[in-house]
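What follows is one structure encoded as structure tokens, with my remarks underneath.
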Amino acid sequence: MRERVTVIEHEAEAGLGFFAGWLRDAGVDCAVVRPYKGDPVPETAERGLVVLGGEASAWDDEGYGWLPATRALLARSVADGVPTLGICLGAQLMTIACGGTVERGGAGLEIGLCDVVPLPEAADDPLFSALPARPLRAVQYHYDAMTALPPGAVRLATGGRYANQAYRLGASAWAVQFHPEATAAIFESWTNGGGLPPSQVAELNDQVGEGEEELRATWRPLAEAFAARVLRRSAAGERAAAAISSP
């Protein structure tokens, strides 16, 4: 049986990338909501929720009028135990929505193919325990940082420039500062329009392009583990409904 998760996309250049195929192959389809095109942000996401990245700051409600509704959706999904994944801006929105703090990063722009270091707590995590047992690298592109995690958050990964790279909140919600979904083409769309020196752009694009197969091998298991949580919740709901309807 296939399930469908709600995906909040903040801009055309920051789509699902790798995750579209990985989730589909794992039995999960995506209903993409594009508020920048006028789509209303739903009040609930019953089956699962993915909130993607974007150039907005998580507190810029004036510039991006759908952010309050997105934070409300994230808060409700976390509270209801809906499988939830926030990526970069999505992670920052979840952090604010659930009582943490996001600020302009004091260490400056984190960009390119960067080390992500799992913490001991990752070993027993439903998503991070599925990752390969080797040093991890991920695509990064962010100025803002999660400087204080929400109450009760379990930190799962750190990094050299910014300490809070991933956490779990409750049993079924995850936030990652990096971009496990980003393909080399998506990354190039960010750097080519980002105002960086051409020599730096070329170096960064080459780095991510050369590492694309590594990125596939590293982060596909995370997407598959998230899909498994979505399907597990669906199956549990069906069992509960069947038990109620049984004579």
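So which residues in region 1-21 are of a type in the set (Phe, Trp, Tyr) and open to solvent by 10 Å² or more (accessible area, probe 1.4 Å), if there are any at all?
Taking region 1-21 as the starting set, the residues that turn out to be of a type in the set (Phe, Trp, Tyr) are 18-19.
Within region 1-21, just Phe18 meets the criteria.
Give me the residue from region 1-23 that is farther than 20 Å from Ala184 by Cα and not in a strand (DSSP E or B) and, out of that set, modelled with the lowest pLDDT. If you could, list the steps in order and put the result at the bottom.
First, pick out the residues of region 1-23 that are farther than 20 Å from Ala184 by Cα: 1-8.
From what's left, not in a strand (DSSP E or B): 1-2.
On the way: Met1: 63, Arg2: 83.
Only one residue fits best here, namely Met1.
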* Asked: Which one is nearest to Arg216 (Cα to Cα), of the residues in region 24-45 that are assigned to a loop (DSSP other than H, G, I, E, B), of a type outside the set (Val, Ile, Thr) and free of Cβ contacts under 8 Å to residues at least 40 places away in the same chain?
  -> Arg34
* Structure fact -> Those residues of region 129-149 which are open to solvent by 10 Å² or more (accessible area, probe 1.4 Å), within 25 Å of Val230 (Cα to Cα) and touching a strand residue (DSSP E or B) at 6+ places or on another chain (Cβ under 6 Å) amount to Leu149
* **Subset tally (residues that are open to solvent by less than 40 Å² (accessible area, probe 1.4 Å) and touching a helix residue (DSSP H, G or I) at 6+ places or on another chain (Cβ under 6 Å)) for region 213-235** => 4
* **Cys114, sole failed condition from (1) of a type outside the set (Ser, Thr, Tyr); (2) under 15 Å from Tyr141 (Cβ atoms); (3) exposed (fewer than 14 other Cβ atoms within 10 Å of the Cβ)** => (3)
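Please give the strands (runs of 3 or more DSSP E) falling wholly within region 79-191 in which 3 or more residues are more than 14 Å from the chain's Cα centre (by Cα). If you could, list the steps in order and put the result at the bottom.
Details: elements: 84-87, 101-104, 110-118, 136-142, 144-148, 154-158, 166-169, 173-176.
In region 79-191, 101-104, 110-118, 144-148, 154-158 are the strands (runs of 3 or more DSSP E) which contain 3 or more residues that are more than 14 Å from the chain's Cα centre (by Cα).
Condition test on Tyr64, is it touching a His at 6+ places or on another chain (Cβ under 9 Å), part of a loop (DSSP other than H, G, I, E, B) and modelled with pLDDT of 95 or more?
yes
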* **Conditions (1) surrounded by 13 or more Cβ atoms within 10 Å (Cβ to Cβ); (2) of a type in the set (A, V, I, L, M, F, W, C); (3) at pLDDT below 95; number of the one not met by Trp190** => (3)
* **Among (1) surrounded by 22 or more Cβ atoms within 10 Å (Cβ to Cβ); (2) in a helix (DSSP H, G or I); (3) over 14 Å from the mean Cα position of the chain (by Cα), the one test that Thr70 misses** => (3)
* Which of (1) open to solvent by less than 50 Å² (accessible area, probe 1.4 Å); (2) at pLDDT 95 or above; (3) not hydrophobic (A, V, I, L, M, F, W, C) does Glu121 not meet, given it meets every other one? -> (1)
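The values are calculated or read from the model by the stated rules, or taken from the named source; none is laboratory data. Keep in mind it's a predicted model, so treat the numbers as computed, not measured. When we count neighbours, we look across all protein chains shown, and the Cβ atoms used for this are built from the backbone with ideal geometry, even at glycine. Side chains are part of the model used for accessible areas, which takes the heavy atoms of the whole protein and leaves out ligands, DNA and RNA. Shrake-Rupley method; radii C 1.70, N 1.55, O 1.52, S 1.80 Å.
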